Amino acid sequence: MAETKDTHIVVIPIDEEHNNKLSSSMLSNNIIEAIEDHPLTEISESPGHLLLLKLWQREEDLFAKRIARKETRMDSIKSELFQLCSFFFIFHGFFSTLLFTSWVSAQQQHHSVCKKWWVPSMVSLCTSLVFVFLVQVKVHRYWKVWGQLQRERNDSRALTRCIQELRMKGASFDLSKEPQSVKRMKSSSVEIKWKPLTWCYQNLLTICLVCFTGLAFPASKFVLCCL
């Protein structure tokens, strides 16, 4: 007689801790694969791309430092302009007070000072022109630094865009590419049209001081002869 063999199935239970270990292992493998495929990993494995990234990052830091210095310089020039304008108006206030006091003193002594009105007028004019010249020098320097600052910012933005593109593309980035700032092309007619307005805007402070100087010049004659 044939013997009957019983087949036994052994069920190995898988607990929750084992499931967590399996899922953690799979997640780790996925993370490792993602890191290996990341553009920064490709850059680190490519000497040329890695060197380019380091050079651009160093240049980006230099741009940031130069921009900060120019912004500080502009703030300093603004402060100097404020001081010059304050001294300008303080001088005219003091000069007008002194002129009126002299007129009152001459009236009390019954002296006529109308014939010498041009002396204080010339003093006022010469002093005002000195202030106007100093202000114009500061204004010119301010807008020169402003233009340099705008160029630095444009170059910095172009460099930042290239760095971002390099980090996104990785080893597929073209090493021959150079940062180029975007400049709007303007026609010559537009430049001629807006150039006088730009000049007036940039020299508005000097224009106001010149106008005030022109009004202050005949003030001495008005005080000494018309009052």
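Just so it is clear, none of the values below were taken in a lab; they were calculated from the coordinates. All values reported here derive from a predicted model rather than from experimental measurement.
Here are the numbers for this structure:
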item: Extension reserve of the Trp199-Cys211 stretch, reckoned as 0.36 nm per residue once the Cα distance is removed; result: 2.7 nm
item: Listed pairs Lys116/Lys138; Lys144/Lys221; Lys138/Lys177; Lys138/Lys195; Lys65/Lys144 exceeding 29 Å between Cα atoms; result: Lys116/Lys138; Lys144/Lys221; Lys138/Lys177
